[in-house]
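The structure appears below as structure tokens.
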Amino acid sequence: MSDIMTAKDLSLWYDKTQALKNVNITIPEKSITAFIGPSGCGKSTFLKTLNRMNDLIPSVKIIGEVCYNGQNIYDNSVDVNELRREIGMVFQKPNPFPMSIYDNIAYGPRTHGIKSKVKLDEIVEQSLRDAAIWDEVKDRLKKNALGMSGGQQQRLCIARALAVKPKILLMDEPTSALDPISTSRIEELAIELKKSYTIVIVTHNMQQAVRISDNTAFFLLGELIEYGETEKLFSQPTDKRTEDYITGRFG
Amino acid sequence: MLSKKRKAYIGGMKAAMYISTGLTATLVIFLVAYVFIKGIPHISWELLSTKPSYISGNIGILPDILNTLYIVLSTLIFVIPLGVGAAIYLTEYAKNKRLVSVIEYAAETLSGIPSIIYGLVGMLFFCQFLGFKTSLLAGSLTLVIMNLPTVMRTTQESLKTVPQSYRDGAFGLGAGKWRVIRTVVLPGCVDGVITGCILSIGRILGESAALLFTAGFAHALNGIFEGLTSPGASLTVALYVYAKEQGEFGVAFAIAAILMILTLLINLSATLVSRYFAKKREL
Amino acid sequence: MKKNKMIERAIHGVFLILGLLTFGCVLLITIYLVISGIPAITEIGLFDFLFGTKWASTADEPSYGILPFILTSIYGTAGAILLGVPIGFFAAVYLSKLANPKVKAFMEGAVSLLAGIPSVVYGLVGMLVLVPAVREIFNIPDGASLFSAIIVLAIMILPSIIKVSMTALEAVPKEYEDASLALGATPVETYFRVSVPAAKSGIAAAVVLGVGRAIGEAMAVMMVSGNVPNMPSLFQSVRFLTTAVASEMSYSSGLQQQALFSIALVLFLFIMLINATLNFFLKKEKD
């Protein structure tokens with residue numbers, strides 16, 4: 001498996017508070033990488049540096065490099081919009097647009113210039129199938145997406161992210177707002193998706209990391225403490241702090 | 001890189017936004033500058049302190065200034081208790097949701113009715129039916145109806161910020177409803193009343209169509225009680241008459257400049273007041 | 001004890017009356033307009049009144065057709081909306097989403113000022129700047145025309161449109177915008193394709209509010225439209241529903257005055273319709 005993303009000495013400040021300290025990590029292609037750690041440890045912040053969503057906050061300062069396919073994404077020549085097309089994101093709270101299911105999925109492709117109805121129909125169906133929600137919604141594609149259940153909304157958001165054919169899917173605690181049944185459906189979906197996509201998932205749920213991820217990174221106070229194969233990290237952590245965290249001593 | 005089509009779309013939208021915002025800004029700056037340049041040279045102590053006389057050909061706007069002041073004062077005196085009372089009924093007494101929504105819809109409707117219609121009904125009701133004739137008082141009462149929704153709404157907003165626990169606390173001490181309202185609820189709505197006053201003053205100063213047939217166009221110099229029962233032009237009505245009927249554009253622009261300065265002052269105080277109350281609430 | 005209860009009940013009654021005051025006022029206005037507006041309509045005939053094209057109230061054989069006023073009000077409002085809404089809309093998007101805080105603060109002040117300027121001041125500046133300019137540019141005998149009125153109305157509705165649209169746009173959840181950006185849309189694309197549709201009932205309410213303002217404006221329009229009861233045409237002097245009432249009220253009597261009340265009734269019905277529409281959009285925005 002080759003590496004698709006690498007962060008080198010990445011540090012990040014909000015105004016004067018340092019939120020990330022010299023993070024170094026490599027993320028392998030077509031696998032699931034989980035970021036765990038107590039809240040406020042920087043795992044979500046780090047996830048957002050991977051598709052430059054932090055650029056939107058004016059007071060943020062970032063130094064270091066994030067390389068995607070060998071290219072530093074913080075380089076001036078990089079087109080942020082193209083980058084975000086290739087590195088999709090699914091948010092903590094399901095956030096479908098207040099439009100029809102169809103228009104939600106078609107939004108991305110339309111933005112990137114696809115106008116043909118036939119093509120859009122095809123993309124919509126394929127994305128919804130890939131997100132395992134096609135059968136539930138195929139008869140009400142023109143209905144408003146806000147009428148769906150929370151779990152369905154989140155899978156719709158995944159389908160929407162898939163519709164622009166990304167290479168990587170960043171998921172920021174995608175199941176924290178969902179019930180257990182919806183959660184397990186999203187988890188199954190993630191495992192299915194890693195055949196064709198690279199997935200990075202932030203989770204506060206350690207069982208979830210164990211169930212679905214190949215590699216796990218443990219963050220604490222803005223530092224990457226330990227990173228390795230999930231099985232190994234949870235069975236024989238090398239760092240005392242990791243051990244304390246996974247055995248439930250804090251967080 | 002972005003496709004040509006997307007770039008064109010983004011460029012087009014940006015251009016539309018800059019042009020629209022720029023146009024709005026230019027318009028405001030032009031209006032203010034034009035009115036000041038044309039009006040301020042005509043403002044003199046003599047203009048402000050005398051009354052017009054056909055015999056000497058003098059034009060003075062003191063009566064109009066005083067009339068405006070009388071109208072503002074008498075309108076506020078009526079509208080504040082009425083508006084505050086209505087708001088208290090809605091937030092403290094009303095239990096029937098349908099009744100509340102009917103009242104709120106009525107307030108909404110009142111604020112949508114054009115001033116010319118207020119003028120007409122004011123003329124029919126206050127001047128003719130109640131026999132006030134064309135007078136400042138009839139004009140004020142017409143404006144009371146116009147401004148009632150404003151005072152009611154701002155008071156309602158501020159009453160909503162009075163914590164329920166204060167009321168519960170007072171009730172828990174055995175206070176009756178009226179006592180609770182007097183001691184706990186009313187002090188909490190001061191900021192809403194002040195905001196409502198400022199907004200109303202702005203609206204009264206700018207009003208003309210509703211006053212034309214209720215308060216009339218006279219320029220006589222009167223004290224407040226005499227003034228209220230006799231007809232008189234407000235500054236806006238005087239502006240209209242001088243510009244449209246008499247072609248005295250210098251005087252008209254002088255009045256316009258005065259009105260513009262007053263509008264600026266009112267907007268400024270509205271901003272300051274809302275900032276002050278926001279800060280107070282944070283503490 | 002009993003006395004206390006009585007007092008409480010009396011106070012409750014007083015507040016109830018105050019609460020019902022707004023409703024009472026609406027009722028009063030409606031009743032007065034209907035009672036005073038109906039007689040002229042029955043005497044002239046509803047059809048002749050509404051669809052008559054000739055208004056000659058002071059002629060030897062008076063004619064009371066208000067179609068010119070109705071159409072002028074509709075065309076004038078439509079024109080003002082056509083001109084004012086795009087400008088207000090784009091400015092609102094810019095100010096609520098893109099403008100830096102200093103520009104935004106300045107423009108908010110400017111827009112409030114625009115809203116606070118009395119209509120007679122608009123009329124005065126329109127009379128002395130716009131009307132002569134229109135006469136020169138379009139080479140017509142009198143610049144006081146529907147066109148001048150449309151421009152003044154467009155300016156006067158700008159603040160309502162900008163303010164109400166901004167409020168709606170600022171209420172759009174940031175999550176929607178994040179999702180769009182994460183799909184590779186640029187900020188500008190995001191604001192127009194996600195934020196604007198999400199705020200569409202609020203923006204619709206802004207437009208309806210503008211319609212109400214435009215159709216109800218009297219003084220400014222009176223000063224720039226020439227005030228002649230022609231059938232509407234862009235570069236001719238025209239008379240609106242509002243100015244029809246205002247211009248003849250002070251010297252009217254008998255059937256002529258009653259006809260003016262009927263015009264006010266027609267205007268009032270338009271306004272009630274607009275209010276109902278506005279309320280519909282505001283409710284939708286709340287949900």
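If you check A:SER11 against the conditions, is it among the small types (Gly, Ala, Ser), closer than 19 Å to A:GLU226 by Cβ and over 18 Å from the mean Cα position of the chain (by Cα)?
On the way: among the small types (Gly, Ala, Ser): yes; closer than 19 Å to A:GLU226 by Cβ: yes; over 18 Å from the mean Cα position of the chain (by Cα): yes.
So A:SER11 fits the description; yes.
So C:LYS104 ticks every box in (1) touching a Gly at 6+ places or on another chain (Cβ under 9 Å); (2) surrounded by fewer than 23 Cβ atoms within 10 Å (Cβ to Cβ) but one. Which box is left unticked?
The single condition C:LYS104 does not satisfy is (1).
Could you tell me whether any residue of the range B:196-219 is in the same structural domain as B:ILE103 (by TED's automatic domain parsing), under 27 Å from B:SER53 (Cα atoms), at pLDDT 85 or above and polar (S, T, N, Q)?
Yes: one or more hits.
A quick yes/no check of all residues on (1) on the phi > 0 side of the Ramachandran plot; (2) more than 13 Å from chain B (Cβ to nearest Cβ); (3) modelled with pLDDT of 95 or more:
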{"site": "C:SER165", "(1), (2), (3)": "no, no, yes"}
{"site": "C:LYS174", "(1), (2), (3)": "no, yes, no"}
{"site": "C:GLY184", "(1), (2), (3)": "yes, no, no"}
{"site": "C:ALA205", "(1), (2), (3)": "no, no, no"}
{"site": "C:ASN227", "(1), (2), (3)": "yes, no, no"}
{"site": "C:GLU248", "(1), (2), (3)": "no, no, no"}
{"site": "C:LEU255", "(1), (2), (3)": "no, yes, no"}
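Given B:VAL32, B:VAL100, B:VAL72, which one is at the interface with chain C (Cβ under 9 Å from one of its Cβ atoms), surrounded by fewer than 23 Cβ atoms within 10 Å (Cβ to Cβ) and touching a residue at least 60 places away in the same chain (Cβ under 8 Å)?
Values: B:VAL100 fails: touching a residue at least 60 places away in the same chain (Cβ under 8 Å); B:VAL72 fails: at the interface with chain C (Cβ under 9 Å from one of its Cβ atoms).
Step by step, each of B:VAL32, B:VAL100, B:VAL72 is checked, and only B:VAL32 is at the interface with chain C (Cβ under 9 Å from one of its Cβ atoms), surrounded by fewer than 23 Cβ atoms within 10 Å (Cβ to Cβ) and touching a residue at least 60 places away in the same chain (Cβ under 8 Å).
Go through the range C:152-244 and tell me which helices (runs of 4 or more DSSP H), entirely inside it, have 3 or more residues that are more than 22 Å from C:LEU267 (Cβ to Cβ) and among the charged types (D, E, K, R). Step through it out loud before you land on a result.
Working: elements: C:174-182, C:187-190, C:200-216, C:219-224.
In the range C:152-244, C:174-182 are the helices (runs of 4 or more DSSP H) which contain 3 or more residues that are more than 22 Å from C:LEU267 (Cβ to Cβ) and among the charged types (D, E, K, R).
Does B:LEU48 satisfy the criteria of being under 22 Å from the mean Cα position of the chain (by Cα) and either within 14 Å of chain C (Cβ to nearest Cβ) or assigned to a helix (DSSP H, G or I) (or both)?
The answer is no for B:LEU48.
Kindly provide the set of residues from the range C:26-62 that are without any contact (Cβ under 8 Å) to a residue 24 or more places away in the chain and within 14 Å of chain B (Cβ to nearest Cβ), ordered by number.
Matches in the range C:26-62: C:VAL26, C:LEU27, C:LEU28, C:ILE31, C:TYR32, C:ILE35.
Look at the range C:134-159 and say how many of its residues are at pLDDT 95 or above and within 14 Å of chain B (Cβ to nearest Cβ).
9
Can A:LEU120 be described as among the aliphatic types (A, V, I, L, M), part of a loop (DSSP other than H, G, I, E, B) and either closer than 29 Å to A:ASN54 by Cα or without any contact (Cβ under 8 Å) to a residue 60 or more places away in the chain (or both)?
Numbers: among the aliphatic types (A, V, I, L, M): yes; part of a loop (DSSP other than H, G, I, E, B): no; either closer than 29 Å to A:ASN54 by Cα or without any contact (Cβ under 8 Å) to a residue 60 or more places away in the chain (or both): yes.
Against the criterion (among the aliphatic types (A, V, I, L, M), part of a loop (DSSP other than H, G, I, E, B) and either closer than 29 Å to A:ASN54 by Cα or without any contact (Cβ under 8 Å) to a residue 60 or more places away in the chain (or both)), A:LEU120 does not qualify.
B:LYS14 - would you say it is of a type outside the set (Phe, Trp, Tyr), at the interface with chain C (Cβ under 9 Å from one of its Cβ atoms), over 27 Å from the mean Cα position of the chain (by Cα) and within 30 Å of C:VAL111 (Cβ to Cβ)?
Taking the combined requirement at face value, the residue satisfies it.
Which is surrounded by 14 or more Cβ atoms within 10 Å (Cβ to Cβ), in contact with a Phe, Trp or Tyr (Cβ under 8 Å, 6 or more places away or on another chain), within 13 Å of another protein chain (Cβ to nearest Cβ) and free of Cβ contacts under 8 Å to residues at least 24 places away in the same chain, of C:PHE69, C:PHE15, C:PHE23, C:PHE90? So that I can check it myself, show each step before the final result.
Values: C:PHE69 fails: free of Cβ contacts under 8 Å to residues at least 24 places away in the same chain; C:PHE23 fails: in contact with a Phe, Trp or Tyr (Cβ under 8 Å, 6 or more places away or on another chain); C:PHE90 fails: in contact with a Phe, Trp or Tyr (Cβ under 8 Å, 6 or more places away or on another chain).
Answer to the check: C:PHE15.
State all residues of the range A:155-170 that are within 19 Å of A:ILE114 (Cα to Cα), at the interface with chain C (Cβ under 10 Å from one of its Cβ atoms) and not in a helix (DSSP H, G or I); if no residue qualifies, say none.
Answer for the range A:155-170, where residues must be within 19 Å of A:ILE114 (Cα to Cα), at the interface with chain C (Cβ under 10 Å from one of its Cβ atoms) and not in a helix (DSSP H, G or I): A:ALA163, A:VAL164, A:PRO166.
If you go through the range C:169-195, how many residues are hydrophobic (A, V, I, L, M, F, W, C) and surrounded by 24 or more Cβ atoms within 10 Å (Cβ to Cβ)?
Filtering the range C:169-195 for residues hydrophobic (A, V, I, L, M, F, W, C) gives C:169, C:171-172, C:179, C:181-183, C:185, C:188, C:192, C:194.
Within this subset, residues satisfying the condition of being surrounded by 24 or more Cβ atoms within 10 Å (Cβ to Cβ) are C:179, C:182-183, C:185, C:194.
Result for the range C:169-195: 5.
Exactly one condition in (1) within 14 Å of chain C (Cβ to nearest Cβ); (2) out of contact with any Ser or Thr (no Cβ under 7 Å at 6 or more places or on another chain); (3) crowded, with 19+ Cβ neighbours inside 10 Å is false for A:VAL137; which is it?
Result: A:VAL137 fails condition (1) only.
If you go through the range B:54-65 one residue at a time, how many are surrounded by fewer than 19 Cβ atoms within 10 Å (Cβ to Cβ) and at pLDDT 85 or above? Give the derivation first.
Looking only at the range B:54-65, we keep the residues that are surrounded by fewer than 19 Cβ atoms within 10 Å (Cβ to Cβ), and these are B:54-58, B:62, B:65.
Okay, now just the ones that are also at pLDDT 85 or above, so B:62, B:65.
Final tally of qualifying residues: 2.
Find the residue count for the range A:65-118, including only residues that are within 7 Å of another protein chain (Cβ to nearest Cβ), crowded, with 22+ Cβ neighbours inside 10 Å and in contact with a strand residue (DSSP E or B) (Cβ under 6 Å, 6 or more places away or on another chain).
Residues flagged as within 7 Å of another protein chain (Cβ to nearest Cβ), crowded, with 22+ Cβ neighbours inside 10 Å and in contact with a strand residue (DSSP E or B) (Cβ under 6 Å, 6 or more places away or on another chain) within the range A:65-118 amount to 2.
The values are calculated or read from the model by the stated rules, or taken from the named source; none is laboratory data. In this text, all values refer to a predicted model and were calculated from it rather than measured experimentally. As a convention, Cβ positions derive from the backbone with ideal geometry for all residues, glycine included, and neighbour counts pool all protein chains shown.
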